[in-house]
Amino acid sequence: MFILIGISADFDPVHKGHEKLIKEACKIADSEGKKVVVYLNKGFSANHAPFFVNFEARREMALALGADEVKSFEGLHHRLILSYSVPIRLQQMIDDGVTDYITSASISLDEIKSKAQKFIDEGNFVGMPKHYTNRNEIRWYALNEFLGSKLNFHVVKELNKSEYSGRLIRQSIIDNGMSIPSNIYKVLPKTTVEILEREIALGNVPGNRNWDEIYKRMNTYSRGNLEKIAYLNGKTINEIIKRRVYRDPESIWAVFRRSEYGPVMTRLAISSIEMNVSKKEVMDLMKSYEEKGVIPENQKVQKVIDRAWYVASMTDEGVSAREANDEFRSKNIAVDAPSTLEAGLNLTKFESKITKEGIATDLYVDKKGKISVQFKSEGKKIKTNLRLPAREVTYLRYIMDSHFIPVNGTIKKAKKGFKVMVTIG
C-alpha cells in the first residue's frame with residue numbers, strides 16, 4: 001500500500017489554481033517520500049452537474065502537471081448530497097492508503113478548524129451555512145475530524161476566484177463559440193490548453209445532460225411515479241404536473257425555482273430524474289455505508305425517520321416544528337417511530353367491490369396537498385385520499401418530503417371495507 005497525498009476535485013478543466021495545488025502537493029510528497037494521487041469525480045460533478053470535460057481528458061490534464069496517479073469517485077453525485085458523499089470519499093481515500101489531504105482555500109487552516117468545530121461537536125454536517133467562505137473545505141475538515149482524524153490536512157492559498165473559476169472558464173468558452181478566448185488562455189496551463197483544444201475539436205466538449213429522458217419523465221410520469229424519484233417532494237411534483245409540457249431546460253429550472261429549490265438541489269433533482277434514481281436506491285446506498293461506519297450517527301436513515309416522528313408528535317401537542325427539530329438535534333432523545341401505518345380509504349361501492357387485498361399502491365400528495373393513494377384493480381385506476389390522525393398525517397408528509405426515504409402501500413382487508421398498510425423505509 002502506497003503512502004499518498006490526496007487531492008479530491010472536479011478539475012473541470014484544470015486551471016493554474018489546480019496546477020499550484022498539484023505543485024505544492026508534489027513538494028510535500030518529494031520531501032516525505034510519498035506519491036500524489038488526484039481523486040477526480042466521475043459521471044457527475046460534486047455540484048451534481050454533467051462535466052464540461054470528460055474524465056479521461058481531465059485525468060490527462062492532472063497527470064501532465066505532475067500527479068503520480070489519478071483515481072475516480074463514481075456513482076455518488078447524482079445520488080447523494082455532499083454531507084453524505086464527502087465521508088464516503090474520505091473513507092475511500094483512507095482505505096487506499098492516503099495519509100495527507102491537500103486543498104486550496106482563501107481562509108487559513110486555523111479558521112477552517114474554528115468554523116468546523118460546531119459541526120464536529122453536533123455530529124451533523126447537513127446544511128452548512130451558505131455565507132461560509134470555503135464551506136466545502138470546512139465540511140471536509142469537520143468530517144475528517146469527526147470520523148477519527150485519519151488524514152493530515154494541508155491548505156494552499158487559493159488564487160483569485162474571480163479569475164480562476166471553473167464556471168467562468170467554461171462559460172467563456174461556450175460564449176466564444178467553443179473556442180478558448182485570450183483572457184482564458186492566461187489562466188490555463190499550456191498542457192490543459194492543448195488537451196482542451198483537442199477535445200473540443202473531437203466534439204467531446206461540452207458534456208451534456210440527456211434532456212430527452214428528463215423531458216419524457218417530467219412530461220409523462222404520474223404523481224405516484226414521480227414520488228418514487230429521489231429529491232422530489234410533494235410541492236415540487238405538483239408544480240411539475242401543473243407546468244407540463246417541458247421542451248427546454250429553462251422551463252424545468254423555473255419549476256424548481258417555484259418550489260424554492262436552490263441551484264445545487266435543483267441540479268441534484270434534475271440528475272436524479274435523468275438517471276431515474278429512486279428514493280429506495282439512495283436509502284439503500286446510505287444504509288450500506290452506515291454498516292461500514294462511514295455515515296455520522298445524526299445523518300443515519302433511522303435518525304431521519306425518528307426525527308420526523310418526534311417533530312410530528314410535538315407539533316400535535318402545540319410545539320412549533322422548529323422548536324421540536326432543534327430539541328431533537330440538541331438532545332439525545334429516544335424515539336420509537338412506527339415503520340408502518342394503517343390508513344383508511346374513501347372508496348365508492350363500486351371501488352370497494354373490485355378492490356382486493358394485497359394490491360400494491362402508490363402514495364402521492366395531491367394538488368390540494370392531501371396525502372393520497374393510487375392503485376389498479378380489474379383494469380380500473382382508483383385514486384383516493386388517505387384517512388389518518390393528524391399526527392400520522394404530519395409524520396407521513398415529513399417522510400414523503402425527506403427526499404430519500406421511500407413509502408409503499410399495500411391494500412389490506414379491514415372489518416369494514418379496506419385499508420392501506422403504509423410501510424416507511
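The values are calculated or read from the model by the stated rules, or taken from the named source; none is laboratory data. Just so it is clear, the model here is predicted, and its values are computed rather than measured. Positions of Cβ are generated from backbone atoms using ideal geometry, with glycine treated the same way; all protein chains shown enter the neighbour counts. The area values use the complete protein model at the heavy-atom level, side chains included, leaving out ligands, DNA and RNA. Shrake-Rupley method; radii C 1.70, N 1.55, O 1.52, S 1.80 Å.
How big is the gap, in Å, between the Cα center of region 168-191 and the Cα center of region 49-122? Going from one Cα centre to the other spans 25 Å. Each listed q (0.11, 0.18, 0.19 Å⁻¹) maps to a log10 I(q)/I(0) for region 273-425 from the Debye sum over equal C-alpha point scatterers, namely -0.50, -1.11, -1.19. Packing-based ranking of 225-231, 91-97 yields 225-231, 91-97, ordered from highest to lowest mean Cβ neighbour count within 10 Å.
The heavy atoms of Trp140 offer some 10 square angstrom of accessible surface to a 1.4 angstrom probe. Given q = 0.33, 0.34 Å⁻¹, what are the Debye log10 I(q)/I(0) values for region 385-425, with equal point scatterers placed on the Cα positions and solvent ignored? Debye curve over Cα of region 385-425, log10 I(q)/I(0) at q = 0.33, 0.34 Å⁻¹: -1.17, -1.19. Backbone amide hydrogens, once placed in the peptide plane, bring Leu80 within less than 5 Å of nothing, excluding anything fewer than 5 places away on its chain.
Since only Phe73, Ser372, Ser320 are under comparison, the one whose Cα sits farthest along the positive direction of the charge dipole of the chain, derived from C-beta charges on Lys, Arg, Asp and Glu, is Ser372.
Ordering Leu202, Leu396, Ser45 by the projection of their Cα atoms onto the charge dipole of the chain, which places +1 on the Cβ of Lys and Arg and -1 on the Cβ of Asp and Glu, puts Leu396 at the extreme positive end.
Per-residue packing, averaged as other Cβ atoms within 10 Å, sorts the ranges 340-346, 301-307, 16-22, 108-114 into the order 16-22, 301-307, 340-346, 108-114, beginning with the highest. Modelled spin-label separation between Asn346 and Asp284, with each label point placed 7 Å from Cα along the Cα-to-Cβ direction: 3.6 nm. Whole-Hz Karplus values for region 418-423 come out as 9, 10, 10, 8, 8, 10 Hz, taken residue by residue from phi with 6.51 cos²θ - 1.76 cosθ + 1.60 and θ = phi - 60°; glycine and proline positions read x.
At 1.4 Å probe size, with the rest of the protein present, what percent of the exposed accessible area of the chain is carbon and sulfur atoms?
Values: 9390 of 19860 Å².
Carbon-and-sulfur percentage of accessible area, whole number: 47.
To the nearest ten degrees, helix 249-258 and the longest principal axis of the Cα atoms of the chain are 60 degrees apart. Rounded to the nearest 20, the size of the Cβ-charge dipole of region 43-138 about its Cα centre is 440 debye, with Lys and Arg at +1 and Asp and Glu at -1.
Annotation: amide H of Tyr39 within the under-5 Å range of Ile7, Ser8, Ala9, Lys71, sequence separation 5 or more or interchain, hydrogens built in the peptide plane.
Calculated accessible area for the chain comes out at 47 Å² per residue, all protein chains present (probe 1.4 Å; ligands, DNA, RNA ignored). Helix 16-32 and the long axis of the chain differ in direction by around 70°, with both axes built from C-alpha atoms. Taking the C-alpha atoms only, the angle from helix 211-220 to the longest principal axis of the chain is near 10 degrees.
If only the Cβ of Lys and Arg carry +1 and only the Cβ of Asp and Glu carry -1, the dipole of the chain around its Cα centre is close to 2120 debye.
Please report the antiparallel percentage of DSSP beta bridges with both residues in the chain, rounded to the nearest 5. Provide the component values of the computation, followed by the final result.
On the way: 28 of 49 bridges.
Around 55 percent of the beta bridges assigned by DSSP in the chain are antiparallel ones.
Simple point charges give the picture: +1 on the Cβ of Lys and Arg, -1 on the Cβ of Asp and Glu, and for region 106-263 a dipole about the Cα centre of about 540 debye.
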